[in-house]
Structures are given as structure tokens and as C-alpha cells.
Amino acid sequence: MKFILIALTVLFSQFALASEYMVIVSESAGINEINKNDLKQVYLGQKSNVGGVSLTPSILPTAFKATQNFIKEGMGMSRAEFEKYWMEKEMSGQATPPKRQTTPNDMINFIKSNPSFIGVIPSADKAPAGVKALKVL
Amino acid sequence: MVRNLLGAAAVVFGFSSLHAQNMDTRFYGYLDGYFESVEDQTSANGAVDENSSEFNVPNLSLVINSNINNDYRAYMNLTGQGAGNISVRNAWVEKSLAGDYLKFRIGKLYRPFGIYNEILDAVPTYIGIEAPELFDTDHLMLTRTTNLMLWGQKNLGVWSLRYVLKTGNDERESSQVPYGIDLQYNIGSNWKFGFSYYDTNGKAKPINDKADSPSEGGVHAWMSEDEYNVMGPYFQYKGSKWTVQAATYQADHNATRDDSGNVGESKADLICQSTTSANQRIKDRFGCVGNDAQNTNADYKIDTYYLRVGYNFDLESGGQITPYAQYDYYKNPEMVYDKSLGGDKEAGVSDDGDFVKWTVGTVYRPNYTVTFKLDYSQHMQDVVNESKDYGEIRFSYSYFWKF
């Protein structure tokens with residue numbers, strides 16, 4: 001019984017985290033889904049093309065809960081680990097870090113007009129106009 | 001090609017209106033400085049050599065990193081070293097030729113070679129203060145920068161393979177084409193396994209031929225020519241708590257010492273005359289007879305390896321403390337002691353040209369932009385048939401900033 005309770009708690013906590021962010025691209029981007037590993041590699045600067053579609057990462061400040069959950073659940077990293085990883089990449093020129101957007105609205109407007117970018121925003125019932133939510137496999 | 005170069009120039013100068021909406025340019029950098037105090041040590045002739053404490057005044061670095069639609073990238077790293085003149089550490093342009101699979105980079109760039117060469121400027125991010133012996137400026141095993149690179153990355157599932165082929169002016173004597181290779185197998189963002197290789201592919205000469213300071217590459221200042229290669233594997237595990245790094249390299253040199261001019265005047269002769277540098281090992285190798293070096297043939301091998309381990313403790317304040325330990329070994333039988341002749345006090349003092357260095361220290365990051373490091377090293381080597389130790393304490397601080 002105890003095991004079932006723990007399993008349910010873990011399951012629902014994962015669900016809660018996963019539902020707190022939405023991965024978006026422009027409506028005109030030729031991609032509808034992305035697997036978790038490709039998503040991680042895009043946000044680590046290790047991959048810039050998924051299924052023939054060029055994808056450049058964009059991110060909100062880590063003060064946003066959606067960004068925190070994305071780093072923890074989507075990337076499987078701690079916030080400090082993610083920031084240190086990118087500091088090393090930035091300072092050595094090994095890659096260009098995710099483009100910073102200030103607010104979710106800025107992110108949506110930016111993604112709308114830039115089909116080669118991918119972004120993460122707080123979750124909503126449906127994707128805002130002009131962008132589409134990617135299904136993360 | 002012309003089109004590529006024009007595109008590349010557009011990145012550098014920011015004149016591309018065609019791609020302007022997707023141009024992403026960042027400005028950031030860091031400020032750092034350090035203090036070190038080295039105990040007095042025994043010189044190569046057995047006498048006490050006093051070392052003074054040293055403050056390294058802040059270095060201020062400005063980095064400009066620009067990207068157009070993952071197609072072109074430009075990167076510049078300008079540093080006011082010692083708060084003095086501004087130097088260009090890196091300035092390059094990159095063009096993607098086949099997505100992530102093949103990219104072309106040209107300019108002045110740090111060569112990918114193992115774990116550390118590309119990240120040594122990223123002081124706040126790594127454990128330790130000093131570079132591994134391979135890239136210690138007193139006894140570099142090869143140049144840190146080169147000029148042209150073809151590279152790419154193949155991703156499959158959680159792993160990726162990065163491959164790099166590079167060449168440049170390096171230390172070549174005339175029209176030689178030195179080349180380097182670096183292969184790196186990554187599993188997720190935690191594991192790295194790699195192998196690096198470098199070959200002068202013909203004769204090379206010292207970059208700094210005045211022989212009054214350490215060489216800027218793998219050819220010693222007292223050589224008239226040298227052909228060499230460097231190779232070795234490396235490994236890194238970097239998780240949220242543990243960092244473990246290890247690497248081993250060997251350089252194989254086929255060199256000729258400079259014995260030009262009148263007796264007593266060549267670079268090799270000056271070393272025979274040096275009371276601190278000409279220990280028995282050097283006298284034997286150089287064939288010193290009085291102040292004349294009679295043996296110009298210098299075939300030798302350099303060996304080095306290191307192990308670095310650190311563990312992150314997360315603080316409630318959001319900061320981090322990372323205690324670390326390091327073990328370094330370096331052996332270069334050709335190294336001389338006197339720095340003013342292009343030598344190095346660590347390997348140069350030793351009877352066999354080797355030394356061991358233990359280091360313990362800690363990194364304190366109150367937040368991810370500010371880093372303090374404090375460590376202590378114990379150097380161990382045999383000098384005139386006796387085991388000699390000396391200690392060294394260092395403190396470093398750095399501040400990462402961005403617009």
C-alpha cells in the first residue's frame with residue numbers, strides 16, 4: 001500500500017511538473033512533435049536541426065516557474081547545473097546560449113515571427129494565436 | 001567561397017540587413033584576478049631560490065558572440081590582461097556547410113584539445129585555479145590557438161560525437177601544414193570520452209626565439225628546429241554533484257638545439273653557462289664542455305597526466321561550495337630551470353625533469369556570477385639526489401557579467 005502511494009505521488013508530481021510549461025514554435029514551423037532527447041540537445045546547443053527543421057532555443061528567465069520546471073523535468077538538470085553549463089559554453093564560444101526573452105508575451109511574439117526558434121512558456125489550455133504547442137514525446 | 005566570406009564578414013560587422021531579424025548578438029564577459037604565494041624552493045644547483053608573493057591584477061574580458069540563424073557565427077574575446085593593453089584572445093567566424101554535421105571556422109581560435117584548452121578563460125566554471133600541466137604557460141606542450149577548423153557533430157539518441165580537424169600557422173618553420181584532431185564522444189550532458197592528436201607535420205621553430213621567456217608552444221626557446229606530435233585520451237563526468245576529470249598526454253620530439261654563432265653565445269651554450277639551469281641532467285644531455293654545448297641532438301618525450309575530482313554542496317542561499325582535489329604529474333627531461341632562458345622552475349629543477357603536484361581547494365559560488373577559489377598545492381621532486389617539497393597557496397576571484 002505504501003509503495004502504491006509513493007508511486008502515485010511520484011506519478012502525479014511528474015504530471016504536475018510536465019503540465020507547467022509548454023514548448024512552442026511558430027505556427028508556420030514544419031514540426032509538430034519533438035522527442036525529449038532532441039529537445040534537450042537543442043537547449044544544450046548540441047543540435048540545431050530536428051527532422052530537417054532548423055531550431056534555435058529561446059528561454060524565459062529562470063525566475064519563471066515554467067523555466068524552472070522545464071530545466072528540471074525537460075532537461076533533467078538543476079538550475080545551477082544548467083547555468084554553469086551555459087556559462088562554460090558562452091565563455092569558450094563553443095555555442096550560443098538560448099536567446100533570452102523577458103516575459104511570456106515577448107516570447108510568444110518573438111516565436112510567432114521567427115519560425116526557426118523554439119520557446120518555453122507557462123502552460124495554458126491551448127497554444128496562443130500564431131504559435132503551436134509541440135508534443136514532447 | 002566568396003559568398004561565404006561575404007556572409008561571414010557581414011556577421012562580424014553587423015551589416016547584414018537580409019538576415020537582420022534572426023541576428024542574435026550577445027555581449028558579456030568577466031573580471032578576474034588572483035593572488036599566489038610560493039614557498040622558497042631549491043634551485044637546480046641545490047641553492048635556495050626565494051619566491052615572492054604575487055598579485056595578478058584583474059583581467060577584464062569582453063566577449064561578443066553573434067549568430068545568424070545557426071548558419072553563421074562570429075566570436076570575439078578581447079582581454080585587458082593585467083588591466084593593461086587589450087589583446088585579442090579569440091576572433092573567428094564560422095559558417096555551417098552541412099547543418100550540424102560540418103562547420104568551417106577561421107580566425108584566431110582556441111584549439112579543441114582535451115577538456116581544458118577551450119574553457120580556460122571560463123574561470124568561474126571549472127574546479128581548480130591553475131591549468132593542467134599540458135597548458136601551463138611555463139611549459140606548454142603545444143600552442144593554445146590555431147587558425148582554421150573543420151568540425152561537426154553527429155547526434156543519435158542520447159549520445160553525440162564531435163569531430164574536429166584543425167590547422168594554422170602554429171609553430172611551423174615555413175610552409176608546413178601542422179594539423180590537429182580531436183574526437184569527443186558525449187553521453188547526455190554528463191559523460192565525455194575523447195582523444196586528441198597534434199602533429200607539426202614537418203619542421204617547427206619556437207614562436208618566441210628571443211629565449212627570454214617560456215615558449216608559446218611546444219618548441220623550446222633553445223631549439224633551432226623541432227618535429228613533434230602530442231596525443232592522449234581524456235575523460236570527464238560532470239553531474240549535479242560530482243565532477244571527475246582525467247587525461248594523459250605524451251609528446252614525442254625530434255629536435256635540434258640551437259648552437260649557432262661563436263662558442264658561448266648560442267642559446268644552448270647560454271644554458272650550459274647558467275649556474276641554476278645546468279644541473280647534471282642538462283650537462284649530460286647538452287654535452288656541456290665548459291660553456292660549450294656540444295650535443296645538438298634532442299630527441300625526447302614529455303609525459304603528463306592529471307586527475308581532478310570535485311563535489312558540489314548546494315547551499316540554502318542558492319550558492320554552492322565545491323571542495324576539490326587534484327593530482328598532476330609532468331615529466332620533461334629537456335626542461336631547464338632558468339625562466340630567463342625559456343625554462344620552467346617546476347620540471348627544470350628536478351634531477352629527472354619530473355615532478356608531482358597535489359592540490360586541495362574549494363570553490364565558493366555565492367551565486368552563479370561570482371566565484372571565489374582558494375587552494376593549496378604541494379610540489380614534490382628530486383633535486384641533487386634529495387626529495388624536495390615546496391608549497392604554494394592561491395586565491396582567485398571572478399565575476400561574470402552580461403548585458
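The values are calculated or read from the model by the stated rules, or taken from the named source; none is laboratory data. In this text, all values refer to a predicted model and were calculated from it rather than measured experimentally. In this analysis, Cβ positions are derived from the backbone assuming ideal geometry, glycine residues included, and neighbour counts consider all displayed protein chains. Heads up: the accessible areas ignore ligands, DNA and RNA and are worked out on the full protein's heavy atoms, side chains in. Shrake-Rupley method; radii C 1.70, N 1.55, O 1.52, S 1.80 Å.
Using R0 = 41 Å, the C-beta based FRET efficiency linking residue B:207 and residue B:240 works out to 0.50.
Across region A:2-136, counting alpha-carbon atoms alone, Rg and Dmax equal 15.1, 50 Å. Within the shell defined by Cβ-Cβ distances under 11 Å, the residues around residue B:254 carry a net charge of -3, with Lys and Arg each +1 and Asp and Glu each -1.
A 1.4 Å probe run over chain B, with the rest of the protein chains in place, finds 42 Å² accessible per residue.
Separation of the alpha carbons by more than 25 angstrom is noted, of A:132/B:241; A:65/B:402; A:36/A:126; B:95/B:238, for A:132/B:241; B:95/B:238. Taking the charge dipole of chain B about its Cα centre, with +1 at Lys and Arg Cβ atoms and -1 at Asp and Glu Cβ atoms, the residue from B:147, B:217, B:129 reaching farthest to the positive side is B:147. Take the accessible area of A alone and of B alone, subtract that of the pair with a 1.4 Å probe, and the total buried over both chains is about 3200 Å². Note: region B:21-126, Cα convex hull, 158 Å³ per residue.
About the centre of its Cα atoms, region B:309-403 shows a dipole size close to 600 debye [charges on the beta carbon of Lys, Arg (+1) and Asp, Glu (-1) only; nearest 20 debye].
Peptide A:93-106 has a mean of 4 when you count, residue by residue, the C-beta atoms of other protein chains within 10 Å of its C-beta. Can you check what the Kirkwood hydrodynamic radius comes to for region B:332-403, Cα pairs only, in Å to one decimal? So the Kirkwood estimate lands at 14.4 Å. Placing a label point 7 Å from the Cα of residue B:309 along the Cα-to-Cβ line, the residues of region B:327-353 whose backbone N sits under 12 Å from it are B:327. Rounded to two decimals, the Cα-based Rg/Rh of region B:23-402, with Kirkwood Rh, is 0.97.
Across all directions, the average flat footprint of the convex hull enclosing the Cα atoms of the protein assembly as shown is 27.8 nm². The charge dipole of region A:2-136, taken about the Cα centre with unit charges on the Cβ atoms of Lys, Arg (+1) and Asp, Glu (-1), comes to about 120 debye, rounded to the nearest 20. Between residue B:321 and residue B:195, the contour length at 0.36 nm per residue exceeds the Cα-Cα span by 42.3 nm.
Net charge dipole, the protein assembly as shown: roughly 3360 debye, given to the nearest 20, about the Cα centre with Cβ charges of +1 for Lys and Arg and -1 for Asp and Glu. What net charge do the residues around residue B:87 carry, taking every other residue with its C-beta under 14 Å from that of residue B:87, with Lys and Arg at +1 and Asp and Glu at -1? So the surrounding residues net to +1. Rolling a 1.4 angstrom probe over the protein assembly as shown with all protein chains present gives an accessible area of which 57% lies on carbon and sulfur atoms.
Of the residues A:59, A:85, A:69, the one whose Cα sits farthest towards the positive end of the charge dipole of chain A is A:69 (charges of +1 on Lys and Arg Cβ, -1 on Asp and Glu Cβ, taken about the Cα centre).
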